[in-house]
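The values are calculated or read from the model by the stated rules, or taken from the named source; none is laboratory data. Remember, it's a predicted structure, so these values are computed and weren't measured experimentally. Here the Cβ positions follow ideal geometry from the backbone for every residue, glycine too, while neighbour counts run over all protein chains shown. Accessible surface is based on the protein model in full, side chains and every heavy atom, while ligands, DNA and RNA are left aside. Shrake-Rupley method; radii C 1.70, N 1.55, O 1.52, S 1.80 Å.
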Amino acid sequence: MAKRLIPSLNRILVEKIVPPSKTTAGILLPEKTNQLNSGKVVAVGPGLRDKTGNVIPVSVKEGDTVLLPDYGGTQVKLGEKEFHLYRDDDILGTLLD
């Protein structure tokens, strides 16, 4: 069993942020709320190479919170945790606090 996955090229490993299903008072929230489809970047690849061989780095870094598309990515399960692999081009943006 792999303990750490290092993405290749311009791929990004993301752990999706799951919104809470109930409030602190115990009220159940509806499944479809106005939550952003976001995740935390766990690992990034080294980047792509251009025609001359120079490395084009990935636009996000580990620990960033990113906005994800509704569909796409590759689901990866490592142990009990579920992750998703996206290309750098698929990431919609970075969420700042």
| Picking from VAL42, VAL66, VAL55, which residue would you name as being among the aliphatic types (A, V, I, L, M), at pLDDT 85 or above and within 17 Å of LEU5 (Cα to Cα)? | VAL42
| said: For the condition out of contact with any strand residue (DSSP E or B) (no Cβ under 8 Å at 6 or more places or on another chain) and either of a type in the set (Asp, Glu) or within 17 Å of LEU9 (Cα to Cα) (or both), what is the one hit in PRO57, PRO46? | reply: PRO57
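Okay, residues lined up against (1) touching a helix residue (DSSP H, G or I) at 6+ places or on another chain (Cβ under 8 Å); (2) part of a strand (DSSP E or B):
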position: PRO46; (1), (2): no, no
position: GLY53; (1), (2): no, no
position: SER59; (1), (2): yes, no
position: GLY63; (1), (2): no, no
position: TYR71; (1), (2): no, no
position: THR94; (1), (2): no, yes
| Filtered residue count, region 73-85, keeping only those that are in a loop (DSSP other than H, G, I, E, B) and either without any contact (Cβ under 8 Å) to a residue 40 or more places away in the chain or of a type in the set (Lys, Arg) (or both) | 1
| Taking region 63-90, which residues are buried (at least 17 other Cβ atoms within 10 Å of the Cβ) and touching a His at 6+ places or on another chain (Cβ under 7 Å)? | GLY73
| Which ones in region 1-29 are modelled with pLDDT under 65 and either at positive phi or open to solvent by 100 Å² or more (accessible area, probe 1.4 Å) (or both)? | MET1, LYS3
| Using beta carbons and a limit of 9 Å, which pairs, at least six apart or on different chains, have the first residue in region 30-55 and within 22 Å of GLY73 (Cα to Cα) and open to solvent by less than 60 Å² (accessible area, probe 1.4 Å) and the second one of a type in the set (Gly, Ala, Ser) and at pLDDT 90 or above? | VAL41/GLY63; VAL42/GLY63
